[in-house]
Amino acid sequence: MNEPDADAAYRDSAAAKLLAEGLANAASERGLSQRAIAKQLGYKQSVVLSHMALGRVPIPIERAEQFAETLMLDKQTFLVAVLHQRYPKVDWRSMLSPPRVSNATDDLVESLEAILDGPLDLLSDKQAHVMREVASDKNASNRWLSVHEIPAISLLRSLRPKIWSDGLSPADREAVRQALT
């Protein structure tokens, strides 16, 4: 019998995520069904694309450029993701990138992409929003909670769900101050 993850060996790969995102964007932005896209790519059945997007089967390396063009994905990003899907131990990004002088920005991007295990394009909208907020704040260290502060803030958020958008009222701040002193 198959292990639960055996059906989706490539599920967490950047390539599968990019493909799924490309299919969703093609549907929402251009009104293309998965069946129509499969036909454009020469597949008789659209389930093949579904299996690739779900990570059940790998994306064919030799078709990566065609997939990227059809789904309007960045060709190099998608190709590197597909290569990494098949050969995860090879550092494709550095092998295929032109040599360049490293600077602090490059180091930051490399670090973030290593943490994300893919290009920054894979950040969710929420993750990108948080990153923009931190980058725009000159005093960003004040925006992060320590692991010890999280339970207290979680409690406040559960008691006052709009705290993140409205903050605490003066009366609530005073009540917290009195409760803790």
> How do the peptides 19-28, 86-95, 38-47 rank, highest first, by the average count of neighbouring beta carbon atoms within 10 Å per residue?
Replying inline: 19-28, 38-47, 86-95
> Among THR77, THR181, THR105, which comes first, then next, by fewest other beta-carbon atoms within 10 Å?
Replying inline: THR181, THR105, THR77
> What does the helix-only formula give at 222 nm for the chain: each DSSP H stretch with n ≥ 4 adding -39500 (n - 2.57), the total divided by the residues, and the result rounded to the nearest 500 deg cm²/dmol?
Replying inline: -17000 deg cm²/dmol
> FRET efficiency for LEU145 and ARG63, Cβ-Cβ distance as r, R0 = 41 Å, nearest 0.05?
Replying inline: 0.35
>> Quick check on packing: order 155-161, 9-15 by the mean number of other C-beta atoms within 10 Å, highest mean leading.
In response: 9-15, 155-161
>> Set the bar at 27 Å for Cα to Cα. Now go through LYS39/LYS75; LYS75/LYS138; LYS17/LYS126; LYS17/LYS138; LYS126/LYS162; LYS89/LYS138 and name every pair that lies beyond it.
In response: LYS75/LYS138; LYS17/LYS138; LYS89/LYS138
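None of the figures in this text is laboratory data; all of them are computed from the coordinates on show. None of the values given here were measured: they were computed from a predicted structure. Note: ideal-geometry Cβ built from the backbone for every residue, glycine included; neighbour counts use all protein chains shown.
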